[in-house]
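Comments concern the structure below.
The values are calculated or read from the model by the stated rules, or taken from the named source; none is laboratory data. Owing to the predicted nature of the structure, the values given are computational and were not obtained by experimental measurement. Glycine gets a Cβ as well: all are built from the backbone with ideal geometry, and neighbour counts include every protein chain shown.
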Amino acid sequence: MNRSEGGHLLETLKRLFMGRIAVRRFPVSSGRSPEIRNISRRPALRGGIPADRVVISQCFRWRNKAVQTPRRVVFSEKPGIRMLSFSTLDADVRIVPLTGLTVSARNGGALLGSVPHYRANQLAFFREKPVFEGASVLALFTPIIKDGVVRSALDKGSGRLCVWMDPRTKAGQPFHLLLVRRLSGPPSVSWVWLPVSRRENSGGGSSIS
Amino acid sequence: MKSKGDVLVAKSVDVVLGYVLVEEESGSFRGAVLLTDHRGIPRDFRYTDPISPSRVEKVLYGGALDVYLKEEVILGSLLGAVELRPALWFCRDRELLRSFRSRVSSPVLVLQESPHAPLDHVGEVLPQGEGSVFLVQASPLAAPLRVELLKEDGARIQDMASTLQQITETMDPLEPFSRMRKALQIVGEGQENA
């Protein structure tokens, strides 16, 4: 049995056997009166504009114009200038050579002498296909200065004719060079030179017969 | 050209044609200039060794590297080396056109093949676009040439077409570019083997 249960039992026994109850006094002290405080209701007024913040002093002037907020100039005073010592930041200056971007022109006359002139097959551009009796034209290379030719070879890979020319030649007459296959007898091909005619180069079409 | 009967004979006129080729391959720049007569016979040929800019040079020159090397270094060196003065210059690179033209007194043409069918008659000039590009039917036995030039030279296109028509009687005006490329290839192979 705990203390509160014991007290309650004692009160019950007193009321049953002694016919009386305990009357207790509850003193009312003045300390219980409500405390009245004088509260000032005057509000404190504070500025609603946030304080201007300095980000970096280099913003003081921008192209001779004052840096401004919508309300006022941010910097009204000259920023403090501090000096840093660079005495410990010495660096070696190295030279990057840019002289490699120059070039000289070499004389390649001898080199070019070993390179042939190229002629493509122009047969497709003949409006009237050249006709030979007993033969058909396989290819036509033009124009070629016949009397200046040192040697020639057909590049079977590209179909182009390679022609090595004499660089000192004075010849000037242009020719067509035709590759012709004979239809009769054993299969064979041959080369045929034909002078370029005036009519061809005046645009009147071309024919070889 | 003058005709002897019905056959063409080359004139003895000593016309000089200039061809310039400047190209970049695998980060290496090189170029060549070839001067020929009206038959394509070489009169002068100059070429440059390949230039390969370093990584630092690429960074320092930035986007100007390509233009600087092609125009200032290579084209300038080539044109400074030749002694003859061609009546007509040809190149393949249209980006060189303005710089090229400012260095020479004769017209410069960007000369290329065209996929067009032949025009109606030889000598015909067909403007393309805004007037600085033309199709020129120079030869009866070839597709028309695609010719581009500066607008300032556009008024002279008929004269140039006439010159092109004359030289196609004895040569293919595009062919020297093939020879130049082959010659540069030989130079490159020689340097690799060295």
Report task. Quickly run through segment B:73-93 and pick out the residues that are surrounded by fewer than 17 Cβ atoms within 10 Å (Cβ to Cβ) and at the interface with another protein chain (Cβ under 9 Å from one of its Cβ atoms). Result -> B:GLY80, B:ALA81
Report task. For segment B:180-190, indicate whether the set of residues that are in a loop (DSSP other than H, G, I, E, B), within 13 Å of another protein chain (Cβ to nearest Cβ) and not charged (D, E, K, R) is non-empty. Result -> no
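Looking for whichever is under 25 Å from B:ARG146 (Cα atoms), surrounded by fewer than 19 Cβ atoms within 10 Å (Cβ to Cβ) and touching a residue at least 12 places away in the same chain (Cβ under 8 Å) here; the options are B:VAL110, B:VAL15, B:VAL22. Which one fits? Reasoning before the result, please.
Values: B:VAL110 fails: surrounded by fewer than 19 Cβ atoms within 10 Å (Cβ to Cβ); B:VAL22 fails: surrounded by fewer than 19 Cβ atoms within 10 Å (Cβ to Cβ).
Within the list B:VAL110, B:VAL15, B:VAL22, the selection yields B:VAL15.
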**Report entry** Matching residues in segment B:9-32 - criterion: being in a strand (DSSP E or B) and either of a type in the set (Gly, Ala, Ser) or facing another protein chain (nearest Cβ under 7 Å) (or both)
**Finding:** B:VAL9, B:GLY18, B:SER28, B:GLY31, B:ALA32
Query - Leading residue by the ranking (nearest to the other protein chains (Cβ to nearest Cβ)) among those in segment A:154-199 that are more than 24 Å from B:ARG43 (Cβ to Cβ) and of a type in the set (Lys, Arg) - result: A:ARG198
Query raised in the report: If you take the residues in segment A:108-121 that are at pLDDT below 90 and facing chain B (nearest Cβ under 7 Å), which one is surrounded by the fewest Cβ atoms within 10 Å (Cβ to Cβ)?
Result: A:GLY109
Requested in this report: Could you check, for segment B:82-99, whether at least one of its residues is free of Cβ contacts under 8 Å to residues at least 40 places away in the same chain and β-branched (Val, Ile, Thr)?
Outcome: no
Query raised in the report: What is the residue count in segment B:33-69 for residues that are touching a strand residue (DSSP E or B) at 6+ places or on another chain (Cβ under 6 Å), farther than 30 Å from A:PRO167 by Cα and more than 7 Å from chain A (Cβ to nearest Cβ)?
Result: 1
Requested in this report: Residue by residue through segment A:122-135, note down the ones that are in a loop (DSSP other than H, G, I, E, B), of a type outside the set (D, E, K, R) and within 11 Å of chain B (Cβ to nearest Cβ).
Outcome: A:GLN122, A:PHE126
Query raised in the report: Can you find even one residue in segment A:136-151 that is away from chain B (no Cβ under 12 Å), in contact (Cβ under 8 Å) with a residue 60 or more places away in the chain and either more than 30 Å from B:GLN191 (Cβ to Cβ) or not basic (Lys, Arg) (or both)?
Result: yes
Query raised in the report: Residue check: is B:VAL147 more than 8 Å from chain A (Cβ to nearest Cβ), outside any helix (DSSP H, G or I), surrounded by 20 or more Cβ atoms within 10 Å (Cβ to Cβ) and among the aliphatic types (A, V, I, L, M)?
Result: yes
**Report entry** Residues being under 24 Å from A:ALA110 (Cα atoms) and in contact with a Gly (Cβ under 9 Å, 6 or more places away or on another chain) - total across segment B:47-72
**Finding:** 4
Requested in this report: Quick one: B:LEU119 ticks every box in (1) more than 24 Å from B:ARG43 (Cβ to Cβ); (2) in a helix (DSSP H, G or I) except a single one, so which number is it?
Outcome: (2)
Report summary line: Flagged in segment B:164-176 as crowded, with 21+ Cβ neighbours inside 10 Å and either part of a helix (DSSP H, G or I) or more than 10 Å from every other protein chain (Cβ to nearest Cβ) (or both), in numbering order, are B:LEU164, B:GLN165, B:ILE167, B:PRO173, B:PRO176
Query raised in the report: B:ALA117 fails exactly one of the following numbered conditions: (1) surrounded by fewer than 14 Cβ atoms within 10 Å (Cβ to Cβ); (2) on the phi > 0 side of the Ramachandran plot. What is the number of that condition?
Result: (2)
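Looking for whichever is assigned to a loop (DSSP other than H, G, I, E, B), farther than 24 Å from B:GLU175 by Cβ and away from chain A (no Cβ under 13 Å) here; the options are B:SER99, B:SER105. Which one fits? Even if it seems obvious, please write down each step before you answer.
Details: B:SER99 fails: assigned to a loop (DSSP other than H, G, I, E, B).
Exactly one of B:SER99, B:SER105 is assigned to a loop (DSSP other than H, G, I, E, B), farther than 24 Å from B:GLU175 by Cβ and away from chain A (no Cβ under 13 Å), namely B:SER105.
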